[in-house]
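Here is the structure we will look at, set down as C-alpha cells.
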Amino acid sequence: MHSRRALLYMPGDDRRKIEKSTTLGVDSICMDMEDGVAVNKKAEARAVISQAIKELEFGSSERCIRINSIGSGFEKDDLASALMAEPDSIVVPKIETAEQVKWVSEQIESYELSNKLNLGSIRLMIGLETAKGILNLKEIAEADRRLEAMIFGGEDYAASVGAIRTKDATELLYARQAVVAACAANDLQAIDIVFIDFKDKEGLRVEAQQGAGFGFSGKQVIHPNQVQVTQEAFTPSEESIAYAKRVIESFEASQREGKGAYALDGRMIDMPLLKNAQKVLARAKAAGKI
Ligand code: COA
Ligand code: MG
C-alpha cells in the first residue's frame, strides 16, 4: 500500500498550488473538487485537475482527486471527470453508509473494465466526518475490498454533532479512536484530522505525534509548511526502530528457551509487545526508512 503519512489538499481550480505540491516530496497530493472549491468553480476545478494530471510530473507523490459527497448533486459529474483523468486514488468525503462505498467502487470498476485497466488499479479512500458515518463505521470499513484508507474529518464532525473545537481536540477523541479501531480491524490506513492553524508548527507537531500515538498512519494537511513536520511524526524514530529490532530478536531467543514473558531493560516483554514492535518496523519500511 502507498505510504500516506501526509495527504496534502489544494483547491482543484488552483493550478499554481497543484504545481507547487509536486515539488514538496509529499506522500499524497489530493486535488480537491469539494469544500476547498467555491460552488461556482466546480466545473473549472474538474477541467484544471484533468489538465494538471495530464501535464505535470508528480514524481513518487500519489495523485488523488477528492470528489463532492454523494447526494451533493455534483458527485456523478465529478466522478466521471475524475475517472477519465485516471488518478492513483479517488477520495469520497462524508461517507455515511456501506452502500455509498459500494456505489463508488462499482462506478470505478465499470470504468476500469471498459478502459482495459487492471481491476483495482484506481484505489479508493473515504472520508468519515458525520455522526452517522461514525455510527456506521463497521459496515463502512467492511464494505469493499478496493477501500484502502479512511480519513477522519474533524471540522465537519464537530459541526455534525455540535461540538466546540479546542486545541487539544478532546471533543474528537471518541470518534478519532473509533476510526483507528475500525481501520485496524480491516487492514485499512487511518488518516487523522487537519490542523488548520498552518502557521503554528509546534502545535501541528504535537497533534501529529498524538495521532501517530493513537495508531493513525497519516494526517491530512493543507499547507506546504505542514508536510515535513507531519511526515516526520508518522515515521518511526531511529530509537524506536532500534528498540523494536531488539524486542523481536530477544523475543525469538526467549521463545527458544521456552519463556513467553521475559525482562528487557527492566520492562516486561510478551506477545503484544512483539506485535507492536512488528508494527513499528512495518511503518518504518512503508516510510522507506529500513
Ligand atoms: N498546496 C500547495 N501549495 C500551497 C498550498 C497547498 N495546500 N497552500 C499554499 N500553497 C502555496 C501558495 O500558493 C504559495 O506559493 P507561492 O509562494 O509559489 O505563491 C505558498 O504555498 C505559500 O502560501 P501562503 O501565502 O502561506 O498561503 P495562502 O494564503 O496562499 O493560502 C490557504 C492559505 C489556507 C488558502 C491554502 O493553504 C490552501 O488553499 N489550503 C488548502 C485548502 C483546501 O484544499 N481545503 C480543503 C481540504 S480541507
Ligand atoms: Mg470535510
**Extreme residue, surrounded by the fewest Cβ atoms within 10 Å (Cβ to Cβ), among residues of segment 92-128 that are closer than 17 Å to Leu188 by Cα and within 16 Å of ligand 1 (Cβ to nearest atom)** = Gly127
**Neighbours by Cβ (under 6 Å, 6+ apart or cross-chain): first from segment 173-187, free of Cβ contacts under 8 Å to residues at least 12 places away in the same chain and more than 19 Å from Lys279 (Cα to Cα); second assigned to a helix (DSSP H, G or I) and not charged (D, E, K, R)** = none
**Prompt:** Looking at segment 132-162, which of the residues that are small (Gly, Ala, Ser) and surrounded by fewer than 16 Cβ atoms within 10 Å (Cβ to Cβ) is nearest to Phe216 (Cα to Cα)?
**Reply:** Ala159
**Fill in**
The lone condition Met150 fails out of (1) in contact with an Asp or Glu (Cβ under 9 Å, 6 or more places away or on another chain); (2) outside any helix (DSSP H, G or I) is (1)
**Asked** Does Met84 count as within 25 Å of Ser110 (Cα to Cα), out of contact with any Gly (no Cβ under 9 Å at 6 or more places or on another chain) and not assigned by TED's automatic domain parsing to the domain that holds Lys102?
**Response** no
**Asked** What is the number of the single condition among (1) over 19 Å from Met150 (Cβ atoms); (2) in a helix (DSSP H, G or I) that Met10 does not meet?
**Response** (2)
**Prompt:** Restricted to segment 1-31, and to residues that are surrounded by fewer than 17 Cβ atoms within 10 Å (Cβ to Cβ) and within 7 Å of ligand 1 (Cβ to nearest atom), which residue is farthest from Pro224 (Cα to Cα)?
**Reply:** Arg16
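Here is a yes/no grid of residues against (1) at pLDDT below 95; (2) away from ligand 1 (no atom under 11 Å from the Cβ); (3) within 20 Å of Phe234 (Cβ to Cβ):
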| residue | (1), (2), (3) |
| --- | --- |
| Met33 | no, no, no |
| Asn40 | no, yes, no |
| Arg46 | no, yes, no |
| Gln51 | no, yes, no |
| Glu55 | no, yes, no |
| Gly59 | no, yes, yes |
| Cys64 | no, yes, yes |
**Complete:** The lone condition Met84 fails out of (1) under 18 Å from the mean Cα position of the chain (by Cα); (2) surrounded by fewer than 19 Cβ atoms within 10 Å (Cβ to Cβ); (3) among the aliphatic types (A, V, I, L, M) is (1)
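The values are calculated or read from the model by the stated rules, or taken from the named source; none is laboratory data. Given the structure is predicted, the values throughout are model-derived calculations rather than measurements. Virtual Cβ from ideal backbone geometry, glycine too; neighbours counted across all protein chains shown.
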